[in-house]
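Below is one structure, written out as structure tokens; the observations come after it.
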Amino acid sequence: MSDLNKRYDGMVIGAGIAGMQAALDLAEQGFQVLLVEKDPSIGGVMVGLNKVFPTLDCSSCICTPRMAEAAHHPNITIQTYTEVLNVDRNGPGFNVKLLKKPRYVDEDTCIGCSKCELECPVLVPHEFDYGLGSRRAVYIPHSNAIPQVATLDVEHCTFCGKCAKVCPADCFIYDQQPEEIEIEVGAVIVASGLQITPMGAKAEYNGDKLPNVVNPLGMERIQSSNGPYGTVLRPSDGKIPKKIAYVQCAGSRDKTIGVSYCSRVCCMYALKQALLTTHYIHGVEITIYHMDIRAFGKGYEQFYRRAMDEGIKIVKGKVAKIDETDNQDLIIRVEHLDEGGRVEEARYDMVVLSQGLMPAWKPGSALGIDVGEDGFFESVNPKIKPTLSTMEGVFLAGVSAGPKDIPDSIVEAGAAAMEAANYLQRTTKPKVTA
Amino acid sequence: MSDKKEAGTNGHAKSEGAASIKVLRDRHGGMSAEMKEYYKELNNIRKLLFDALKSGPMTVPELARKCSLKSETTMWHVMAMRRYGEVVEDKIQGDYYSYRLKEAH
């Protein structure tokens, strides 16, 4: 039996930065909010980023206070490691079916001491580091995870039982089972976030085969001080890279891979990562190959200028192919668009493919709201009320509705929370307390 | 305002005489053949790397050559050893850090 309430005013799907903001804004208006997250920790993509553009503030330093605020808010209940199976209309509200996955650990008694993790004999690629780093079969996702409790990955378990033996809080529950939970909610905010386009999407870039062709989120982890290497190294052999290339639009604006739209953040994250790398590695040479640079937000153009002033090479060129040498350096074949199509082969230690953004969650009939041609959830009124989905009572926030950066996601989350609050006032007239 | 709830224990109270690992093993049919192979290889690689590092600090390419392992495999394992406090960075040799076993305290 779950210890959730039978009813919440609002349910927010996804506890990344948009979901947390939407939950906080709704909760601040006195509504009871259930914040559902599929992963073992809240925080989403943002808590794993190194720094944010254009201010270069530490990303987790901004994100973790939001996580703590959501976790401690009296009107927010957080349900991690839980999938949304079904959302069915019931009058103005919804019947919701959730699936709580087993951690094999009692979340109430685990003290997050990591003794089980240190004792576990299995090492597997860590999802938080996009496979570049490792974790144990029983693990706490990262140092900023909320809740700070262990999860046992049973697929990689050797069933040695050491984790329970060393647990000082006696919190392992080896007979835990998946549990379906049924609740009622008055409104739903979908903030299910993003995934990046697959590294193998463009076969000619060999992104899924060559270890030194990395994805941009992996590069964020490489640059993070708590990342897999603790410093910027290339994945094939730990070399300190001295020449790095960025290939823009590697997973966007390309009909051949089914992603015809601009992902809106790739130019800025590439410029940010490039600039930061010059701060981390003395004498590093960085080239960004692009179709055009889109620096459209507040302070973004200035950031673009700053990156060029600090020596980042911005080259208008179309990369046709990436191959590997015997020592795992990379050869980029590029057509220079500003030089009459001159073709050049250039050698790099590492290449970052600027992958685009795709929706992380495709619930189909389980949610029943319309999806646009681009795969993102459709707004019923994108110009006037962009957070309204095609179903009354279901609202959209963050990248679930289309590619956007962190400030835009936060703004949209607030708007979705306000629309949800209005809807709840209209349909349920709850007693709102300050 | 409702009572704050920390949901998520699946309602499983920590039972008296908590289930043994045997329950979990039986329910999942034990380790898969693939997992057994993975685990065996993992231990073999770790033994090779530990033994090699006993002779002194080495870079990832040096370790890979000495242990006849793929370079990227060596890198991943050395970084895992670093993460869990088994090796630490030593000096920089050219473009590479060398790594050494962390002394037992």
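Here, each number is a calculation from the coordinates, and none is a lab measurement. None of the values given here were measured: they were computed from a predicted structure. Cβ sites come from the backbone with ideal geometry, for glycine too, and all protein chains shown count toward neighbours.
Going by Cα centres, the stretch A:82-108 and the stretch A:207-252 are how many Å apart?
What the calculation gives is 36 Å, centre to centre.
Let me confirm one metric for peptide B:19-28, namely the mean number of other chain beta-carbon atoms within 10 Å of its residues' beta-carbons.
6
Can you tell me how much longer the chain between A:Arg333 and A:Glu184 gets when fully stretched, taken as 0.36 nm per residue apart minus their C-alpha distance, in nm with one decimal?
48.0 nm
Which residue, A:Ser143, A:Ser225, A:Ser59, tops the fluctuation ranking in a GNM of chain A built on C-alpha contacts under 10 Å?
A:Ser143
Which is farthest toward the positive dipole end of the stretch B:21-101 among B:Gly30, B:Val60, B:Thr73, measuring Cα position about the Cα centre, with Cβ charges +1 (Lys, Arg) and -1 (Asp, Glu)?
B:Gly30
For A:Asp153, A:Asp170, what's the fewest-to-most ordering of other Cβ within 10 Å of each Cβ?
The most exposed by this proxy come first: A:Asp170, A:Asp153.
Give the shape of the protein assembly as shown as rounded, prolate or oblate, defined through the alpha-carbon gyration tensor: a ≥ b ≥ c are the square roots of its eigenvalues, a/c under 1.5 means rounded, and otherwise the shape is prolate if a/b is larger than b/c and oblate if not. Could the numbers behind the result be given before it?
Numbers: a/c = 2.08, a/b = 1.17, b/c = 1.79.
Verdict is oblate for the protein assembly as shown.
Per the helix-only calculation at 222 nm, which mean residue ellipticity applies to the protein assembly as shown, given -39500 (n - 2.57) for every DSSP H run of n ≥ 4 and division by its residues, nearest 500 deg cm²/dmol?
Theoretical 222 nm ellipticity from helices: -8000 deg cm²/dmol.
Evaluate peptide B:78-91: per residue, the Cβ atoms of other protein chains within 10 Å of its Cβ; return the mean as an integer.
On the way: counts 3, 11, 9, 2, 5, 11, 7, 1, 0, 0, 0, 4, 0, 0.
So the per-residue partner count for this stretch is 4.
In nm, what is the difference between 0.36 nm times the number of residues separating A:Ser143 and A:Asn5 and their Cα-Cα distance?
Between A:Ser143 and A:Asn5, full extension yields 46.7 nm more.
Just want the ordering: A:Asp39, A:Asp106, from fewest to most Cβ atoms lying within 10 Å of their own Cβ.
A:Asp39, A:Asp106
When a/c is below 1.5 the answer is rounded, else prolate if a/b is larger than b/c, else oblate, so apply that to the stretch A:199-356 with a ≥ b ≥ c taken from the square roots of the Cα gyration tensor eigenvalues.
Verdict is rounded for the stretch A:199-356.
Run down the lysines and flag those whose C-alpha is under 24 Å from the C-alpha of B:Lys54, throwing out any fewer than 8 positions away in its chain.
Correct list for B:Lys54: A:Lys239, B:Lys40, B:Lys66, B:Lys70, B:Lys91, B:Lys102.
Contour minus end-to-end for A:Met291 and A:Leu99, with contour as 0.36 nm per residue of separation and end-to-end as the Cα-Cα distance? Numbers along the way, then the final one.
Numbers: separation 192, 0.36 × 192 = 69.12 nm, distance 4.37 nm.
Going from the current span to full extension adds 64.7 nm.
Just want to confirm a number: the relative contact order over chain A, from Cα pairs under 8 angstrom separated by 6+ residues, in percent.
RCO, chain A: 19 percent.
Considering amide H positions built from the backbone, and no H for Pro or chain starts, which residues 5 or more places from A:Val45, or on another chain, come under 5 Å of its amide H?
A:Ile17
What FRET efficiency comes out for A:Val371 versus A:Lys313 if R0 is 30 angstrom and r is the Cβ-Cβ distance? Round to the nearest 0.05.
According to the calculation, E is roughly 0.15.
Most mobile of A:Glu117, A:Glu339, A:Glu179 per a Gaussian network model of chain A (Cα springs, under 10 Å)?
A:Glu339
Can you give the charge dipole size of the stretch A:199-356 about its Cα centre, rounded to the nearest 20 debye, using +1 on the beta carbon of Lys and Arg and -1 on the beta carbon of Asp and Glu?
With only Lys, Arg, Asp and Glu charged at Cβ, the dipole is about 480 debye.
Starting from the amide H of B:Thr59, placed 1.01 Å from N in the peptide plane, find each other amide H under 5 Å away whose residue is 5 or more places distant or on another chain.
For B:Thr59, whose amide H was placed from the backbone, the distant partners under 5 Å are B:Tyr99.
Let me know the mean shielding of A:206-213 by other chains, meaning the per-residue number of their Cβ atoms within 10 Å of its Cβ.
For peptide A:206-213, the averaged partner shielding equals 1.
Among A:Ala18, A:Ala191, A:Ala250, which one moves the most in a GNM of chain A with springs linking Cα atoms closer than 10 Å?
A:Ala250
Rank these for me by crowding, A:Met350, A:Met291, going from fewest to most other beta carbons within 10 Å. Before the final figure, lay out the partial values.
Values: A:Met350 29, A:Met291 15.
Neighbour counts put them in this order, fewest first: A:Met291, A:Met350.
Along the Cα-to-Cβ line of A:Arg89, 7 Å from the Cα, sits a label point; which residues in the stretch A:384-404 have backbone N less than 12 Å from it?
So the set is A:390-394.
Determine, for the stretch A:1-131, the count of lysine pairs separated by eight or more sequence positions (or lying on different chains) whose alpha-carbon distance falls under 16 Å. Intermediate results must be reported in sequence, preceding the final value.
On the way: A:Lys6/A:Lys97; A:Lys6/A:Lys100; A:Lys38/A:Lys97; A:Lys38/A:Lys100; A:Lys38/A:Lys101.
So the count works out to 5.
List the lysines whose Cα lies under 24 Å from the Cα of A:Lys255, skipping any in the same chain that are fewer than 8 positions away.
Within reach: A:Lys202, A:Lys209, A:Lys316, A:Lys318, A:Lys321, A:Lys362, A:Lys404.
Explain nothing, just the number: dipole magnitude of the protein assembly as shown about its Cα centre with +1 on each Lys and Arg Cβ and -1 on each Asp and Glu Cβ, in debye rounded to the nearest 20.
Details: 63 positive and 69 negative charges, 110 e Å.
In total the dipole reaches around 520 debye.
Of all beta bridges DSSP finds with both residues in chain A, what is the antiparallel percent, to the nearest 5?
So the antiparallel bridges in chain A amount to around 60 percent.
Scan around A:Ile314 for amide H atoms under 5 Å from its own, H built in the peptide plane at 1.01 Å from N, and keep only partners 5 or more places away or cross-chain.
A:Ile288
Tell me, what HN-Hα J-couplings in whole Hz come from the Karplus equation 6.51 cos²θ - 1.76 cosθ + 1.60 at θ = phi - 60° for each residue of the stretch A:49-54, using x for Gly and Pro?
6, 7, 9, 10, 8, x
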